[in-house]
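Accompanying notes for the structure given below.
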Amino acid sequence: MADLESDLVERKESLRGDNPRKIRQAVCVFANDLPDHQRPGVVFVGADDAGAPVGLEITDELLLQLADVKTDGNIVPPPTLTVDRRVLFGTPVAVVTVMPSDAPPVRHRGRTWIRVGPRRAVASAQDERILNEKRRHRDPHFDAQPVPTASVADLDLRRFEEEYLPQAVDATALAENDRSTEERLAAMKMIAGVEDPRPTIAGILVLGKNPQDFLPAAVAQFLRIAGTDLADPVVDDGRCSGPIANLLRSLDDKLLAHNRIAVDFTSGPVEVRMPTYPMAALQQLVRNAVMHRTYEGTNAPIYVYWFDDRIEITNPGGPYGALTAENFGAAGHRGLPQPDSGGGDAGPRTGSTLRRGHPDGATGSAEQWAGGTRLPRRAELGAVHGGGPHVMTRTPLQRMRATSATTESPPGRLAAGATGVADARAAVTAPPRIRRALRRCDAFPDSPHSRNLHGDRAGPGTAAEPSGTRRPGYCSRRTYLTSCLGPTSAP
């Protein structure tokens with residue numbers, strides 16, 4: 001307190017006048033620690049500028065006022081500080097001890113304060129850049145933080161050299177690289193650094209021999225429940241663990257084992273395979289659950305519950321950024337699917353649900369709900385989520401003719417039937433020659449090519465039927481898309 005030259009000390013006689021504002025500025029200065037002392041700063045209340053106690057009465061009310069400096073919202077982010085009553089030179093004083101922040105710049109009412117010699121000053125643009133660099137160095141992302149009790153011996157270096165590096169780095173650059181294994185690990189953020197070879201969280205998750213020794217939550221719990229409620233009997237139970245790659249393989253094995261495939265070889269010349277759920281959709285959801293979960297502050301695993309009528313996937317964490325249950329799926333939120341987009345990833349979410357069947361008559365598109373993802377079943381799923389090769393059972397021209405026969409039905413009715421969805425999907429995914437023909441149909445609806453392609457050979461029109469009228473066999477590309485994906489999705 002008597003060191004008048006130190007820039008880590010501030011003295012105030014009381015809390016009268018402008019002193020509360022100046023104390024907050026001093027707290028901001030010590031938290032920013034621009035000179036990089038890496039030591040706490042101290043504010044003495046009850047001492048004059050010469051460092052002598054003035055005999056101020058230190059009451060609980062005064063200590064509470066000083067403690068409010070941290071939480072009253074004027075200093076952002078809130079600093080780490082303590083408030084004590086000490087007796088110095090036989091006289092009580094209030095002492096506020098401020099620790100340097102790991103996430104500078106710290107601002108008081110929107111302004112960054114620093115120490116310049118014996119006085120406080122507002123930080124310049126260069127000062128702010130220095131403070132931002134300190135934040136990035138001291139406060140890395142969670143997955144880049146080192147694991148204190150781990151060592152390089154806990155990493156599978158063979159997996160790193162033979163599996164990870166060839167996929168993460170260009171082969172030419174890898175062949176010309178003469179770095180050591182530790183330098184390569186540090187470059188890929190698998191260890192904190194060459195001088196500090198402790199594995200990071202990411203290194204343990206990707207390369208750890210047994211990641212659960214350090215991150216008990218890095219597991220997925222799979223349950224197959226014979227019923228529609230958690231209280232129903234469990235017919236299969238699995239715990240998927242290990243590095244992320246092994247965990248995902250175990251989950252895929254469980255999903256494949258329970259995803260029954262119906263085979264129809266009587267309705268056409270080619271057999272039709274229809275899984276209960278499209279495997280591509282299941283894999284995307286479980287990978288999202290692994291990628292977007294949080295490991296910080298929780299030991300909860302990922303839950304995959306397979307019921308008779310649905311699959312529920314839950315992971316620890318909450319919505320990202322401004323995403324809430326109320327605005328989930330609403331237009332105008334970046335990263336969210338539009339209401340008519342028929343799919344897409346909405347970013348991190350705490351739960352997803354796949355349902356067998358569709359509540360309102362399937363339209364062939366996935367519907368996003370605030371509680372998760374609800375998808376149609378079987379043929380409708382295959383038409384939208386990657387089951388195309390299994391449900392395309394006829395030649396493109398046959399499929400188009402079959403589709404054109406039902407085009408006078410309202411949009412969505414075609415997609416309600418499994419065959420209609422397969423036909424409409426086949427028209428959209430037809431070979432380039434057929435797609436070019438479809439575009440010509442839009443441009444010249446009465447051309448002989450258009451009529452022949454769609455089975456209408458009766459001529460462009462008669463006196464009773466003006467030219468340009470769509471005859472029963474006519475079906476444009478827009479009609480195919482509208483029938484398959486709904487009226488708002490057609491380009």
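Quick check: net charge around Phe160, other residues with Cβ under 15 Å of its Cβ, Lys/Arg +1 and Asp/Glu -1?
-1
Might you work out the accessible area of Phe265 for me, using a 1.4 Å probe with all protein chains in place, and round it to the nearest 10 Å²?
Surface accessible to solvent at Phe265 totals approximately 140 Å².
Among Ser180, Ala121, Phe142, which residue has its Cα positioned farthest towards the positive end of the charge dipole of the range 108-206, with +1 placed on the Cβ of Lys and Arg, -1 on the Cβ of Asp and Glu, and the dipole taken about the Cα centre?
With unit charges placed on the Cβ atoms, the residue in question is Ala121.
Give a residue-ordered list of calculated ³J(HN,Hα) values for the range 179-187 (Karplus: 6.51 cos²θ - 1.76 cosθ + 1.60, θ = phi - 60°; whole Hz; x for Gly, Pro).
Running phi through 6.51 cos²θ - 1.76 cosθ + 1.60 with θ = phi - 60° gives 6, 6, 4, 5, 5, 5, 4, 5, 5 Hz.
Working from the pairwise distances between different alpha carbons, so that the mean of 1/r is found and then inverted, what is the range 71-211's Kirkwood radius in Å?
Every distinct Cα pair counted, the radius reaches 18.9 Å.
Met274: accessible area at probe 1.4 Å, nearest 10 Å²?
Surface open to solvent at Met274 totals about 40 Å².
With only alpha-carbon atoms in the gyration tensor, what are the semi-axes of the equivalent ellipsoid for the range 91-130, in Å, largest first?
24, 13, 10
Keeping every protein chain in place, order Val42, Val93, Val235 by accessible area at 1.4 Å, biggest value first, i.e. largest first.
Putting Val42, Val93, Val235 in descending order of accessible area: Val235, Val42, Val93.
Could you tell me what % of all Cα pairs in the range 1-156 have separations over 26 Å?
32 percent
How would you classify the range 58-111 from its alpha-carbon gyration tensor, with a ≥ b ≥ c the square roots of the eigenvalues: rounded for a/c under 1.5, else prolate if a/b is greater than b/c, otherwise oblate?
Because a/c hits 1.5 or more and a/b exceeds b/c, the range 58-111 counts as prolate.
Dividing the alpha-carbon radius of gyration of the range 181-254 by 2.2 N^0.38 Å (N being the number of residues), what value is obtained?
1.50
In vacuo Debye scattering of the range 1-71, one point per C-alpha: log10 I(q)/I(0) at q = 0.15 Å⁻¹?
-0.50
Just read off the accessible area of Phe328 with the full protein assembly in place, 1.4 Å probe, to the nearest 10 Å².
Ignoring ligands and nucleic acids, Phe328 comes out at about 30 Å².
The values are calculated or read from the model by the stated rules, or taken from the named source; none is laboratory data. Bear in mind the structure is a predicted one, so any value in this text is a computation, not a measurement. All Cβ positions, glycine included, derive from the backbone under ideal geometry; neighbour counts span all protein chains shown. For the accessible areas, the whole protein counts, side chains as well, though only heavy atoms, and no ligand, DNA or RNA atoms are used. Shrake-Rupley method; radii C 1.70, N 1.55, O 1.52, S 1.80 Å.
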